[in-house]
1. Output the residues belonging to region 60-71 that are in contact with a helix residue (DSSP H, G or I) (Cβ under 7 Å, 6 or more places away or on another chain), outside any helix (DSSP H, G or I) and either modelled with pLDDT of 85 or more or exposed (fewer than 10 other Cβ atoms within 10 Å of the Cβ) (or both).
2. I need a count of the residues in region 11-27 that are under 18 Å from the mean Cα position of the chain (by Cα) and outside any loop (DSSP other than H, G, I, E, B).
3. So, in region 30-48, exactly how many residues are at pLDDT 80 or above, in contact with a helix residue (DSSP H, G or I) (Cβ under 7 Å, 6 or more places away or on another chain) and within 17 Å of residue 81 (Cα to Cα)?
4. Look at residue 75 and say whether it is loosely packed, with under 10 Cβ neighbours inside 10 Å, assigned to a helix (DSSP H, G or I), more than 20 Å from the chain's Cα centre (by Cα) and modelled with pLDDT of 85 or more.
5. Quick check on residue 21: is it at negative phi and surrounded by 11 or more Cβ atoms within 10 Å (Cβ to Cβ)?
6. For region 28-59, what are the residues that are surrounded by 13 or more Cβ atoms within 10 Å (Cβ to Cβ) and either touching a residue at least 60 places away in the same chain (Cβ under 8 Å) or more than 17 Å from the chain's Cα centre (by Cα) (or both)?
7. What are the residue pairs meeting all of these: first residue in region 60-86, first residue free of Cβ contacts under 8 Å to residues at least 24 places away in the same chain, second residue surrounded by 14 or more Cβ atoms within 10 Å (Cβ to Cβ), Cβ atoms under 7 Å, and 6 or more apart or on different chains?
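The values are calculated or read from the model by the stated rules, or taken from the named source; none is laboratory data. Bear in mind that the values here come from a model prediction, so they are computed numbers and not experimental data. Because the Cβ atoms are built from the backbone with ideal geometry, glycine has one as well, and the counts that use them run over all protein chains shown.
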């Protein structure tokens, strides 16, 4: 893989790159940022809502929430990236 990367970067006139591969479990939700985003979307959009809401109403609630703000603020994103990279 390193050899292929070196060939590609030289063909594209890019500076040399180094890849580091981490062994991770096949399913590792703690290393998957999407899992954290999904949790925040659920927490902010679906917790403490009436059971009588239809699926369409819940979807509209989440759509409205995402249109107004990111599920993770800057500090949460920094914490998440720091956790994944440690």
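1. Within region 60-71, none qualify.
2. Restricting attention to region 11-27, the residues satisfying the condition of being under 18 Å from the mean Cα position of the chain (by Cα) are 22, 24-27.
The next check asks that each one be outside any loop (DSSP other than H, G, I, E, B); those that pass are none.
Adding up the residues that qualify gives 0.
3. So in region 30-48, the residues at pLDDT 80 or above come out as 32-48.
Of the ones still in play, those that are also in contact with a helix residue (DSSP H, G or I) (Cβ under 7 Å, 6 or more places away or on another chain) are 33, 35-36, 41, 44-46.
The next check asks that each one be within 17 Å of residue 81 (Cα to Cα); those that pass are 33, 35-36.
Summing the residues that are at pLDDT 80 or above, in contact with a helix residue (DSSP H, G or I) (Cβ under 7 Å, 6 or more places away or on another chain) and within 17 Å of residue 81 (Cα to Cα) in region 30-48 gives 3.
4. Working: loosely packed, with under 10 Cβ neighbours inside 10 Å: yes; assigned to a helix (DSSP H, G or I): yes; more than 20 Å from the chain's Cα centre (by Cα): no; modelled with pLDDT of 85 or more: yes.
So residue 75 fails the test.
5. Details: at negative phi: yes; surrounded by 11 or more Cβ atoms within 10 Å (Cβ to Cβ): no.
No.
6. Hits for region 28-59 are 45, 46, 53, 58.
7. 61/45; 62/41; 62/45
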